[in-house]
Amino acid sequence: MTWLTVAGGVFLVWLVLVFLFTPGINYHLARRTSVRDKDFLYTIQSTCQAALHHGNCVTLLTDGPAFYPAMLDAIKAAKRSINMECYIFESGRIADRFIDALSERARNGVNVTVVVDAIGSFSLWGRPVARLRAAGVRIMSYQALRWYSLHRINNRTHRELLVIDGAIAFAGGAGIADWWAFPQDGRTRPWRDTMARIEGPVVAAIQGVAAENWLECCGEILTGRDFFPDLKQCGDTTAFVVKSSPSDRATASRVTFQLLTEGADDTVRISTPYFLPDRAFRRALAAMAERGVKVSVIVPGSHTDQKWVRLASRRMWGQLLKAGIRIFEYHPAMTHAKVLVVDDLWAVLGTTNFDNRSFEHNDEVNVAMRDPAVAARLMEDYQRDIEASSEVTLEQWQRRPVWEKIVGPFVWILERQQ
């Protein structure tokens, strides 16, 4: 028993060290390549193992009152298949609408599959899942807590995807929950977020991402024209899908963000709910600002769902502010938009946050788009969000409350786990 106790204690200490203190990867570019250079396209395709797809149509949808009706309309019009993957599918009024729409389509012969994260969508299990299954919807839990998979407990699917008939896709930062649609306390607005409705050849790659975790959950390989129809060019957007999974710690999402941000010539605009860039990324952002690139970041203000994370984030702003990076706190509500716009040419929209959890632990999905029109549309929202925010100056940051300065060093551990 003594040896078992010692062995168990050693194992627990090892587990804590691995989960909390694994050092980050020192990402850096061997040679900077401008996002406007021809070889940049070859570099980002090859490094991220992602194919470029031309001729796509992208419609950007700002906030729940715009994207939820569009998603529900697409579901109701489905003829052959619906594939959905969610980190958050939270019981409530919005969930009921999606459950009703998915169930109606399943009862009418549409092949409906849903993957939800076992932790992020915990509240869905019970009566809501029973309703879906009774209608013929096939729903699976990603990384359910089992003894043989405890070593992967930190790996969650953070993806938010909806694919209709293999031809229309919705991607972005929003899950299915009331807080994206309704005020939560009678005063604060619903969460700020952005989704995209996408048609064209790139939808096949998005469908492939949805099919990946369906395969992992139940072993079924989705095949055939119901899921992968012929897709014709229908717009002017060149795009590729960044599928990121932590099979190793060097994920494609981190590589994409690093290549795009360091490849900027003029501007980098970031909107993220959780801004915890590691040391290597902070160095890269500071170096970019010091060589003249205008870098700005929008983060949540007091209306954040993760107050400890906000403290951990604010702790590291000094280095960035000194380098000339502008940081804005959004005030009307929680902002959950995950957007990157580089040089008014490239735009990335998806589920990846600027934190270690997204870059190393979670399954993520982003759509990177090379299209000045898409970038300009996102910048309209970005400018509107700036106007609803207050800028944090270096002087203000240095005068932050004493209690925050005291607590800050004790929440640094979130930098590796959030």
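The values are calculated or read from the model by the stated rules, or taken from the named source; none is laboratory data. All values derive from a computational prediction rather than experimental measurement. When we count neighbours, we look across all protein chains shown, and the Cβ atoms used for this are built from the backbone with ideal geometry, even at glycine. Note: accessible area is taken over every heavy atom of the protein model, side chains too, but ligands, DNA and RNA are not part of it. Shrake-Rupley method; radii C 1.70, N 1.55, O 1.52, S 1.80 Å.
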Just wondering, is there one or more residues in segment 135-146 that are in contact with a helix residue (DSSP H, G or I) (Cβ under 9 Å, 6 or more places away or on another chain), at pLDDT below 95, of a type in the set (Ser, Thr, Tyr) and open to solvent by less than 10 Å² (accessible area, probe 1.4 Å)? yes
Have a look at Ala51, Ala74, Ala78 and point out the one that is touching a residue at least 24 places away in the same chain (Cβ under 8 Å), open to solvent by 20 Å² or more (accessible area, probe 1.4 Å) and either outside any helix (DSSP H, G or I) or within 24 Å of Met369 (Cβ to Cβ) (or both). Ala51
Right, Phe240: among the aromatic types (Phe, Trp, Tyr) and surrounded by fewer than 19 Cβ atoms within 10 Å (Cβ to Cβ) or not? no
Tell me, please, whether a residue that is among the charged types (D, E, K, R), farther than 25 Å from Pro201 by Cβ and buried (at least 22 other Cβ atoms within 10 Å of the Cβ) can be found in segment 151-160. no
So in segment 310-349, with the set limited to residues that are among the small types (Gly, Ala, Ser) and without any contact (Cβ under 8 Å) to a residue 40 or more places away in the chain, which one is nearest to Phe67 (Cα to Cα)? Ala347
Would you call Gln45 modelled with pLDDT under 90, open to solvent by 40 Å² or more (accessible area, probe 1.4 Å), within 19 Å of Arg159 (Cβ to Cβ) and not hydrophobic (A, V, I, L, M, F, W, C)? no
For residues in segment 323-374 being modelled with pLDDT under 95 and acidic (Asp, Glu), which is farthest from Glu212 (Cα to Cα)? Asp355
Note on Glu391: of the conditions (1) assigned to a helix (DSSP H, G or I); (2) at pLDDT 95 or above; (3) open to solvent by 40 Å² or more (accessible area, probe 1.4 Å); (4) under 24 Å from Phe281 (Cβ atoms), unmet is (1)
Has segment 349-360 got at least one residue that is closer than 22 Å to Gln49 by Cβ, in a loop (DSSP other than H, G, I, E, B) and touching a strand residue (DSSP E or B) at 6+ places or on another chain (Cβ under 6 Å)? yes
When residues of segment 189-226 are filtered for being in contact (Cβ under 8 Å) with a residue 12 or more places away in the chain, of a type outside the set (A, V, I, L, M, F, W, C) and farther than 20 Å from Thr157 by Cα, how many remain? 9
Quick check, is Arg225 surrounded by fewer than 18 Cβ atoms within 10 Å (Cβ to Cβ) and not in a loop (DSSP other than H, G, I, E, B)? no
Could you run through segment 329-344 and say how many residues are open to solvent by 10 Å² or more (accessible area, probe 1.4 Å) and either in contact with a helix residue (DSSP H, G or I) (Cβ under 6 Å, 6 or more places away or on another chain) or among the hydroxyl-bearing types (Ser, Thr, Tyr) (or both)? 3
Residue pairs meeting the criteria (Cβ under 7 Å; at least 6 apart or on separate chains; first among the acidic types (Asp, Glu), in segment 29-40; second part of a loop (DSSP other than H, G, I, E, B)): Asp39/Thr33
Would you say Asp248 is open to solvent by 80 Å² or more (accessible area, probe 1.4 Å) and at pLDDT below 90? yes
Does at least one position in segment 227-247 carry a residue that is more than 27 Å from Ile206 (Cβ to Cβ) and polar (S, T, N, Q)? no
